[in-house]
Amino acid sequence: MNKANAVTMARIALVPVFVWLVYEGSTATAIAAFVVFLVASASDSLDGYLARKYKLVTRMGQFLDPTADKLLVGSALYVLVDTRDFPLWAAIVIAVRELAVQILRTQIVRAGRDLPASGGGKLKTVLQISMVSWWLLPWPDHNPVHWVLLAAAVIVTITSGVRYFRKMERAAEVPS
């Protein structure tokens, strides 16, 4: 396993730590969960940087990296719905998009092709991480920023998902 993939695996290993911290329930562990979430999220940039700089891009890494992102964001959505009054409908919209794109990505990789992250996909990730981070903090009440970040994340999540599927639809129409 190369360095980039090791960073991705470390991000996956942080998911249960993050969940455990959220469910501990104190303000201190809520802040710790927020920090773990940010560290795990930042490692996404690190593994990509290492893979590009040292030419460590692998099919395994191309599959594991978005899988790690989805595990982290998915677990965060679960705990937010369960502990912070996060709207279930929004978590379902985000989860369905993530699952659909992951299935698409798996099919494409199995066929020997690539589905690299798009600009919209990267923006979606940044907005989801920002939104989740904000919701993770132990605010006494939801404020307007909660709802603005939620709306932005959901809109870009849907839009980028539709674009992935349209791109693949167009690619399938081109004779090879």
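The values are calculated or read from the model by the stated rules, or taken from the named source; none is laboratory data. Worth saying up front: this structure is predicted, and the values here are computed from it rather than measured. So basically every Cβ, Gly included, is an ideal-geometry build from the backbone, and we count neighbours across all protein chains shown. Ligands, DNA and RNA are excluded from the accessible area calculation, which covers all protein heavy atoms including side chains. Shrake-Rupley method; radii C 1.70, N 1.55, O 1.52, S 1.80 Å.
Which count do you get for residues in segment 45-77 that are charged (D, E, K, R) and touching a Ser or Thr at 6+ places or on another chain (Cβ under 7 Å)? Number of matching residues: 3.
Using the structure shown, decide if Arg105 is open to solvent by 80 Å² or more (accessible area, probe 1.4 Å) and not hydrophobic (A, V, I, L, M, F, W, C). Judged against the criteria, Arg105 is not a match. Pairing residues of segment 124-144 that are more than 18 Å from Asp44 (Cα to Cα) with residues that are in a helix (DSSP H, G or I) and among the aromatic types (Phe, Trp, Tyr), at Cβ distances under 7 Å and at least 6 apart in sequence or on separate chains, gives Leu136/Phe34; Leu136/Phe37; Leu137/Phe34.
If only residues of segment 1-44 that are outside any helix (DSSP H, G or I) and over 18 Å from Val81 (Cβ atoms) are counted, the one that is modelled with the lowest pLDDT is Met1.
Screening Val109 with (1) touching a residue at least 24 places away in the same chain (Cβ under 8 Å); (2) closer than 25 Å to Ala32 by Cβ; (3) not charged (D, E, K, R) gives one miss only, at (2). Just to be sure before I move on: is Val73 closer than 20 Å to Tyr23 by Cβ, in contact with a helix residue (DSSP H, G or I) (Cβ under 7 Å, 6 or more places away or on another chain), of a type in the set (A, V, I, L, M, F, W, C) and at pLDDT below 95 in the structure I sent? Yes, satisfied.
For segment 39-54, taking the residues that are hydrophobic (A, V, I, L, M, F, W, C) and under 12 Å from the mean Cα position of the chain (by Cα), the one that is most open to solvent (accessible area, probe 1.4 Å) is identified as Ala42. Picking from residues in segment 116-158 that are in a helix (DSSP H, G or I) and modelled with pLDDT under 90, the one that is most open to solvent (accessible area, probe 1.4 Å) is Lys122. Take Ile92 and decide whether it is part of a helix (DSSP H, G or I), under 23 Å from Met60 (Cβ atoms) and either at pLDDT 95 or above or of a type in the set (A, V, I, L, M) (or both). Judged against the criteria, Ile92 is not a match. Scoring Gly121 on the criteria (1) under 28 Å from Phe63 (Cα atoms); (2) free of Cβ contacts under 8 Å to residues at least 12 places away in the same chain leaves a single failure, condition (2). Here Ala111 passes the criteria (1) under 23 Å from Met60 (Cβ atoms); (2) under 14 Å from the mean Cα position of the chain (by Cα) except the one numbered (2).
Within segment 72-96, being among the hydroxyl-bearing types (Ser, Thr, Tyr) and under 16 Å from His142 (Cα atoms) holds for one residue alone: Thr83.
If the requirement is being surrounded by fewer than 19 Cβ atoms within 10 Å (Cβ to Cβ) and of a type in the set (A, V, I, L, M), which of these qualifies: Val22, Val73, Val57?
Residue meeting the stated conditions: Val57.
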